[in-house]
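Have a look at the structure below before the remarks.
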Amino acid sequence: MEARAVKRYIQSSPRKMRLVVDLIRGKAINDALNILHFSPKHGSKVVEMTLRSAISNLTNKVDSGRIDEKDVYVKTVYVNGGPVLKRMLPAPQGRAYRVRKRSNHLTIVVAEKESK
């Protein structure tokens, strides 16, 4: 059983968000939440909220409504680029520099380990 959560239009560049996301890929849920909670990166708060949402979605999907957190892990995590806001910054001698404010979309998939 697996569940996913998607957070869209995050006002951070995809490159900065990928640094945070790479820390938790393939980890157990408890380890991933600890890593994100104590990470100094700005994007870690958004990733932590989205991960908690994915865990909640998995809990709602299961018939009994209970999951064993030891058996749940982060299956896939990826960050795609979102729309770019183009702004102008005044520059010397009447020119203007273009500022590209990037955004991203975050997708987290959590799954239960298969018991044999």
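No lab work stands behind these numbers, since they all come straight from the coordinates. Predicted, not measured: the structure shown is a model, and the values here were computed from it. So basically every Cβ, Gly included, is an ideal-geometry build from the backbone, and we count neighbours across all protein chains shown.
Can you list residues from other chains, or at least 5 along the same chain, whose modelled amide H is less than 5 Å from the amide H of Lys75?
Amide H neighbours of Lys75: Val109, Val110, Ala111.
Please give the Cα centre distance for segment 29-54 versus segment 89-109, rounded to the nearest Å.
About 26 Å separates the Cα centre of segment 29-54 from the one of segment 89-109.
When the chain is modelled as a GNM with alpha-carbon springs shorter than 10 Å, which of Arg25, Arg87, Arg52 fluctuates the most?
Most flexible of the set in this elastic network: Arg87.
Once you sort the root eigenvalues of the Cα gyration tensor of segment 14-76 as a ≥ b ≥ c, which label holds: rounded (a/c under 1.5), prolate (a/b larger than b/c) or oblate (the other case)?
Taking the square roots of the gyration eigenvalues as a ≥ b ≥ c, segment 14-76 is prolate.
Determine Rg/Rh for segment 2-112; Rg is computed over alpha-carbon atoms and Rh is the Kirkwood hydrodynamic estimate from the same atoms.
1.15
Return the single residue from Ala28, Ala54, Ala91 with maximal mean-square fluctuation; model: Gaussian network over the chain, springs between Cα atoms under 10 Å.
Taking springs between Cα atoms under 10 Å, the residue moving most is Ala91.
Just how many pairs of Lys in the chain have C-alpha atoms closer than 18 Å, counting pairs that are eight or more places apart or on different chains?
19
Nothing charged except the Cβ atoms of Lys and Arg (+1) and of Asp and Glu (-1): what's the magnitude of the dipole of the chain about its Cα centre? Round to the nearest 20 debye.
Dipole of the chain, to the nearest 20 debye: 1040 debye.
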